[in-house]
Amino acid sequence: MMKPEMIQAITRAKIDVDLAKAKYDDIREHLKAEMELKGIKKFECPELSITYKAPYDAENFDKKKFKLEHPEMYDDYAGLTHKSSSIVIKVAGDD
């Protein structure tokens, strides 16, 4: 059984993370809007770097539709690839 203190610590940490993420997302959206409006492509300072990436159209393959319309061919072309877990963190000074 988990101790009540641990349950409280986990609950508080989860709430703190969710609140911080919401605040971070709000700041990001505001920055993106300002960069779009002012035509700023990149901002750099010793602590961080922010790069604006403009929207673009990308070609994609509708795997679900292909499987529905050509189920006999799907298995000939589909395969599984193992992807290791990962995270991406960019800190000032990292390349």
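Values in this text are rule-based calculations from the coordinates and carry no lab data. Values in this document were obtained by computation on a predicted structure and should not be read as measured data.
A few notes on this one:
- The lysines whose alpha-carbon is closer than 28 Å to the alpha-carbon of K3, local same-chain residues fewer than 8 away aside, are K14, K21.
- Just so you know, the Cα atoms of the chain work out to an Rg and Dmax of 21.8, 56 Å.
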